[in-house]
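To keep things clear, I will list the structure first and then write my remarks on it.
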Amino acid sequence: MKVILYFYLQNKSKTNQDKYKTNMKHSEIVILGAGVGGLTTAIALQQKGFENICIYERRKTASTIGAGLVLWANANKILDKLNLLTEVEKVGGKLKEMQRWNESEEFLGAISINDINTIIGSTSYSISRIDFQKILLQKAEELNIPIYYNHKASLLSDQGNRTSITFENSIKINADIIIGADGRMNSVARQYVNGNNTPIYQNFVNWIGIVESDKPIFLENNVLDFWGYGERFGIVSINKYKGYWAGGKSLPLNSSHKNRNSKTQLLKIFGSWSPKIREIIQLTTEENIKYIEVFDHNPIPKWHKNNVCLIGDSAHSALPTSGQGACQAIEDAWHFASILEKSETTEGAFSKFQKIRFEKTTIITMAGRDLAKSLFNEDLIFCEQRNENAKTTNYKTASQNIAKLWSKDLPK
């Protein structure tokens, strides 16, 4: 009798647990933000069997910030799991090296992207942000994930141990799970969880642009990184005819450069650098150039509160110099969905998610900040020594160290 009762209770307990897990998959999930993090998380959750997912986006239509990005091998291991990599391969460019040069075109060294790919076990692709967003939006549409545009969240408020969302259009909603993927600059979810969402200006600006031509512009698919004194110009090819770039300069907030003709300013700052830079600037149309003041956030101790959890830039916003902003949002999406699928409570899932993701994203955030401080340093002696150090760097070891960090906690 005791044996029968034991197995009865065990089976009953298991049945209840399974039922609870099934209920988790029936949870109403709201995602704030239709950027890389929000869209990828919605896709990952849907593919894990979560049924009631919707996205609320503050912008009036589908739009993206930035010109292009590199989907490094670590992100593409995730995108492959989400059946998105094939689409990336169609429009992305395979990269070979990250080359470093000074403003006078003196070669400083190169990190092998092929080595990074080999260690991680995937391929890195450059892609325009518009093309990548189209891929994510198309997949979301295929999975019948609704996106409600022109819904800017104004307030997250407590209702017992749950949270409600109020939008500027006076609509108010509740959900079982709220995912804050609403970016770095004005994240209402981050304000709710952390008590502060004020970004930190990192004392430099980027002019960014997409360049296209009917004639070949690039001979090889490489990342070209030119270092000056308080200035930096990066070029990333996507194919022979298309690429994107960023020209950075140490400047205070609201500099007079902000309201001037971008091409004129860029040619004035970088016109004496590499002929390739002059060509890129001249081929880029004025409407394809954006001026961006660059911010990040200090790491925060907790990413969740009640039924709200932060992901992507809302949780950890690394500078562009990290090269990993979008990639870490993609990793977040995979881990969050995988953990939630196997969890019995949101609190347990959120805690485990942060525990897995905190160290890696913090290291990447601070590394990006350190590199920015080096690149945008205006001291002549410091910059000359920085360049000499670059020439003597063991780039084989550098590639291995990068791959070791980026491959941490990836799925097999």
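At a glance:
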{"item": "In region 124-141, the residues that are among the hydroxyl-bearing types (S, T, Y) and either part of a strand (DSSP E or B) or over 21 Å from A67 (Cα atoms) (or both)", "result": "Y125, S126, S128"}
{"item": "When residues of region 21-50 are limited to those that are surrounded by 12 or more Cβ atoms within 10 Å (Cβ to Cβ) and of a type in the set (S, T, Y), the one modelled with the lowest pLDDT", "result": "S27"}
{"item": "Condition check for I300: within 30 Å of V188 (Cβ to Cβ), of a type in the set (V, I, T) and surrounded by 18 or more Cβ atoms within 10 Å (Cβ to Cβ)", "result": "yes"}
{"item": "Options S314, S262: the member that is hydroxyl-bearing (S, T, Y), farther than 30 Å from T123 by Cβ and surrounded by 15 or more Cβ atoms within 10 Å (Cβ to Cβ)", "result": "S262"}
{"item": "Those residues of region 196-220 which are part of a strand (DSSP E or B) and either of a type in the set (S, T, N, Q) or more than 30 Å from L156 (Cβ to Cβ) (or both), in sequence order", "result": "Q202, N203, F204, V205, N206, W207, I208, G209, I210, V211, E212"}
{"item": "Qualifying residue in region 282-291 (condition: under 22 Å from the mean Cα position of the chain (by Cα) and acidic (D, E))", "result": "no"}
{"item": "Test: residue in region 312-334 that is closer than 29 Å to N74 by Cβ, more than 16 Å from the chain's Cα centre (by Cα) and modelled with pLDDT of 95 or more", "result": "no"}
{"item": "Within region 55-93, considering residues that are part of a strand (DSSP E or B) and in contact with a strand residue (DSSP E or B) (Cβ under 6 Å, 6 or more places away or on another chain), the one nearest to T321 (Cα to Cα)", "result": "V70"}
{"item": "Pair list, Cβ < 6 Å and 6+ apart or interchain, from region 81-109 residues that are under 30 Å from A44 (Cβ atoms) to residues that are among the acidic types (D, E) and assigned to a helix (DSSP H, G or I)", "result": "V91/D131"}
{"item": "Residue check, N161 more than 24 Å from A246 (Cβ to Cβ), touching a residue at least 24 places away in the same chain (Cβ under 8 Å) and either surrounded by fewer than 14 Cβ atoms within 10 Å (Cβ to Cβ) or among the acidic types (D, E) (or both)", "result": "yes"}
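The values are calculated or read from the model by the stated rules, or taken from the named source; none is laboratory data. For clarity, every value in this text was computed on a predicted model and none was experimentally measured. As a convention, Cβ positions derive from the backbone with ideal geometry for all residues, glycine included, and neighbour counts pool all protein chains shown.
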